[in-house]
Every structure is written in C-alpha cells, then in structure tokens.
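Before any comments, here is the structure.
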Amino acid sequence: MSFRSEFEVEAGHDYEGLSHTSQKPFVIIDLIKFRQAGATLGEVYYQIAKVSSTHGFPAGICPTVGIGGHISGGGIGTLSRKYGTAADNILNAYFIDVKGKLHDRKSMGEELFWALRGGGGASFGVIVSWKIKLVSVPSTVTVFNVHKKLEAGVTILLHKRQNVADKFHADLFVRAIIQAVDNETKKENYTSFISVSISWKGQRTTSTNENEFSDLGWKPKIALK
C-alpha cells in the first residue's frame, strides 16, 4: 500500500514493487508487527487450517504477500470465481484517519468502507485490522498443471482459453502463466495452465468443457487430488 507522496505503509510485498518505492521522499509505516493487517497470506491460511479443514479465505497464492495491501487492492485468487475477491469477503475494518482517530465500518461509513476494499487502503489512512469472512471449501481439492511450449501451438490454446474460461464451472480455476526460460542452447517460451477444482465429493467440473478445451490435454488421469 502506498500514499505515493509522504507516507508508505508496508507489511509485505507486491508484484509491482509499489510497497517500497516512491518518486518522492517518504516515511514507512511498518505494519509487520501488527499480526492482523500486517500478516502475510501464508500466515492467514495457516491459522485457518489449524482450526478447520473445510474453510478458507478467497485471496491470492503468494504466501509472502501482506494481507492488508492485498485486500485493499482487491485480492484475486483461486477461489475468486466462486466467492469473489478478498475485498468482497470483508466484514469490518479498523482504520486510523489522518487525525489519528480510529474508525470501524460504522463510524467511517459505507462509502469509505467500500473504497478501502479495492481502492488502496493507504490512500485514505492506515488500516490496522480486517475482519474477514471465511468460505466453505472441501477438505480435498483437485489440482492439475499442463505445460505447453510455443512450438506446440500454445498461442491457439491461449486464445481458446480466453473464449471458454468464462463458461467453466465456478468451482474451477484455470490460471495461465506465460514464461520465457533460458537454457544452455536457446530461449524457450511456454505457458503453464495451473488449475484448481474445489468440487465437493469428487464431482467433476470439466464435463461441460472437455470438448471445448480437449486440446489442452484435459483428461481425468492428469488430475491429482
């Protein structure tokens, strides 16, 4: 999270590096000791798992990302297609404004509470705590990965995925990661389709999509529970 001017609020890291850079001199407010707003995603998931194997929180996949900045930026993850973003699953927030006054959802009002969840919490003050809503998940999920090189026609597969992904069952998440890797002889370009299914009791989520996306190699034998 960042003010981009006089203050920076820091508790983890982010993909764009905005949590620790600024074009102007700044003061860092380090929330790493606040184990609510300053906790990492990995810590949140671990604490949930210690008390329940059938509950989760719809947030990202990188365990070292700070939960505070993640939620205030929206927060997309493997459960988002079914349950929405992390910001959609917030019940309350405790927030210190520029005058040093502590607010909760009621005292800050619904407009500011809405803005904190996706608009960048540090744009308005310092969030010191979030109250999150847990969602139901099965104790066992299905995970499968498919890797395709550029010369294997991955461009066509990516285009096809873009046209069918919105038709997948809400329990199914398919992430495409495009990478370039240098080996000893040449640079190779490939795409990884990383997928998670949270269907209950082993129900299949791919039945309506197998014909549309069979080129990916979508077969039950590649799935690992």
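Each reported figure results from applying straightforward, stated rules to the coordinates on display, with no laboratory input. All of these numbers come straight from a predicted model, not from anything done at the bench. Heads up, the Cβs are rebuilt from the backbone with ideal geometry, glycines too, and the neighbour counts pull from every protein chain shown.
Computed from phi, the 3J(HN,Hα) profile of the stretch 182-197 under the Karplus parametrisation 6.51, -1.76, 1.60 (θ = phi - 60°) reads 8, 10, 5, 10, 7, 8, 10, 10, 8, 10, 10, 9, 9, 10, 9, 10 Hz, with x in place of Gly and Pro. Between the stretch 86-111 and the stretch 65-84, the alpha-carbon centres lie 18 Å apart. Between TYR190 and LYS99, the FRET efficiency from the beta-carbon distance, with R0 = 45 Å, is close to 0.30. A Förster distance of 45 Å, applied to the separation of the beta-carbon atoms of VAL181 and GLU110, puts the FRET efficiency at 0.40. Under a 5 Å amide H cut-off, with hydrogens placed 1.01 Å from N, ILE96 pairs with HIS103, VAL126, ILE127, VAL128 among residues at least 5 apart or on other chains.
One decimal place: the segment GLN23-LEU91 gains 21.1 nm when fully extended, by the rule 0.36 nm per residue minus the C-alpha distance. The relative contact order of the stretch 124-197, computed from alpha carbon pairs under 8 Å that lie at least 6 residues apart in sequence, is 40 percent. Amide H contacts under 5 Å for ILE132: LEU91, restricted to partners 5 or more places along the chain or on a different chain, H placed in the peptide plane at 1.01 Å from N. Modelled spin-label separation between THR140 and ILE61, with each label point placed 7 Å from Cα along the Cα-to-Cβ direction: 2.2 nm.
Note on ALA170/LYS131: beta-carbon distance plugged into 1/(1 + (r/R0)^6) with R0 of 30 Å gives a FRET efficiency of 0.75.
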